[in-house]
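Worksheet for the structure shown next.
The values are calculated or read from the model by the stated rules, or taken from the named source; none is laboratory data. Everything numeric here is computed off the predicted structure, so don't read it as measured data. Virtual Cβ from ideal backbone geometry, glycine too; neighbours counted across all protein chains shown. Surface areas here come from the heavy atoms of the whole protein model, side chains and all, with no ligands, DNA or RNA. Shrake-Rupley method; radii C 1.70, N 1.55, O 1.52, S 1.80 Å.
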Amino acid sequence: MKVFVTGVGGQLGHDVMNELSSRGHEGIGSDIRPEYSGVQDGTAVCSMPYEALDITDEEAVKRTIARIKPDAVIHCAAWTAVDPAEDEENRPKVKKINVDGTRNMAEAAAACGAKIMYISTDYVFDGQGTEPWQPDCRDYAPLNYYGQTKLEGELAVAGATDRYFIVRIAWVFGVNGSNFIKTMLNVGKTHDTVRVVNDQIGTPTYTYDLARLLVDMILTDQYGYYHATNAELDESGGEFTPEGTKTGYISWFDFSKEIFRQAAGKGYEEYLPENLKLTKVTTAQYGLSKAARPFNSRLDKSKLAENGFAPLPDWQDAVARYLRECDF
């Protein structure tokens, strides 16, 4: 299969390209920069075919996709800086990338008969309650401008073609780029106390694992809406930490606690509890965000197995594997 992948300078696009290569598929990477700008880690993506493309340029998108004639498009490119998206001066650019750029990709894919996969977010919902969001739920109510543009991107894809996958993810981390784990590890090196919110609940997503699933999906015609994050431990799966963190969905505090526990276990003593105090705070107490954040980022992933796709491994295992790849 020939697959055109946008956003290869980011965490997910990097891993999707490598997954395509590992299975013998033809991946063509794309981003706005003149050449591949992701981490130079010696993996396949660094030397795979690359097309510089501004997804907000409708005519350029049409020409590029018509020339390449991919069998599928995996659209990872997006504006993902949630707080800056709230600034009035940034909003036109956020909309151009997340809405207009997505529509351009979907319409170009449809014109050449290609499938399209769009990566979205739980931020399309209002983040309230405690029940996991179902992939086919239509109770959209974004809390912030980023979420609004991602929702409009979803609607643009669904309006352009019937051959689409819309995959919502949350709390993403990968080797190529910034993420919460890297932030916590860096903060832990320079502070003896770290405050982390305990009232936003969800599950992390390792892009290496997600890339495998996305390629599994794009090879099929099981179109529709899906949710995909790493798995939660079920009630029989034991506790997250010796201190007894709950099983199931977790908070950012729980996530941080496990990051530091595993890092300390690898011999980095600065992350031991006696050297680094982790403090729970509410979102209101933390108070640094411009954009409203969802309290409920729980995503129901049962539709994956129902349609024959292997779910992602549990998030603790994903953190352990990520830390083996991460230089900290």
| message | Give me the tail of P(r) for region 139-188 as a percent: Cα-Cα pairs with distance above 15 Å. | response | 63 percent
| Counting only the heavy atoms of the protein chains, how much of residue 137 is accessible to a 1.4 Å probe, in Å² to the nearest 10? | 30 Å²
| Over region 73-198, how many percent of alpha carbon pairs lie in each 5 Å bin up to the one with the longest distance? | 2, 10, 18, 18, 18, 15, 10, 5, 3, 1, 0, 0
| field | FRET efficiency, 1/(1 + (r/R0)^6) with R0 22 Å, evaluated for residue 307 and residue 140 via beta carbons | value | 0.45
| remark: Excluding ligands, DNA and RNA, the carbon-plus-sulfur percentage of the accessible area of the chain with a 1.4 Å probe reads 48 percent
| How long is region 58-127 along each principal axis, judged by its Cα atoms, biggest number first, in Å? | 37, 26, 13
| query | Which whole-number percentage describes the relative contact order of region 118-216, with Cα contacts under 8 Å and a sequence gap of 6 or more? | reply | 28 percent
| Net charge dipole size for the chain [Lys, Arg +1 and Asp, Glu -1 on Cβ; Debye, nearest 20] | 380 debye
| field | Cut-off 19 Å (backbone N to label point 7 Å along Cα→Cβ of residue 163), residues of region 45-75 | value | 61-75
| remark: Farthest towards the positive end of the dipole of region 36-187, among 128, 47, 174 and with Cβ unit charges of +1 on Lys and Arg and -1 on Asp and Glu, lies the Cα of 47
| note | For region 70-77, in residue order, the Karplus 3J(HN,Hα) values (coefficients 6.51, -1.76, 1.60; θ = phi - 60°; whole Hz; Gly and Pro = x) are x, 6, 8, 10, 10, 9, 9, 5
| Quarter of Cα convex hull surface for region 18-145, i.e. mean projection, nm² | 10.0 nm²
| Measuring with a 1.4 Å probe in the full set of protein chains, what accessible area per residue, in whole Å², belongs to region 85-222? | 38 Å²
| Once both labels are modelled 7 Å past Cα along the beta-carbon direction, what's the residue 269-residue 219 spacing in nm? | 4.8 nm
| query | Where in region 93-158 are there trypsin sites (Lys or Arg not before Pro) that are in a DSSP coil and have at most 16 other Cβ atoms within 10 angstrom of their Cβ? | reply | 138
| remark: Sorting 265, 311, 38 by the position of each Cα along the dipole of the chain (Lys, Arg +1; Asp, Glu -1; all at Cβ), the one nearest the positive end of that ordering is 38
| remark: The simple spin-label model distance between residue 60 and residue 23, using points 7 Å out along Cα→Cβ, in nm, is 3.0 nm
| message | Let me check I have the definition right: for the chain, take the eigenvalues of the Cα gyration tensor, multiply each by 5, take square roots. What are those semi-axes in whole Å, largest first? | response | 32, 21, 20
| request: For region 149-288, divide the Cα radius of gyration by the Kirkwood radius and give the resulting Rg/Rh value with two decimals. | output: 1.04
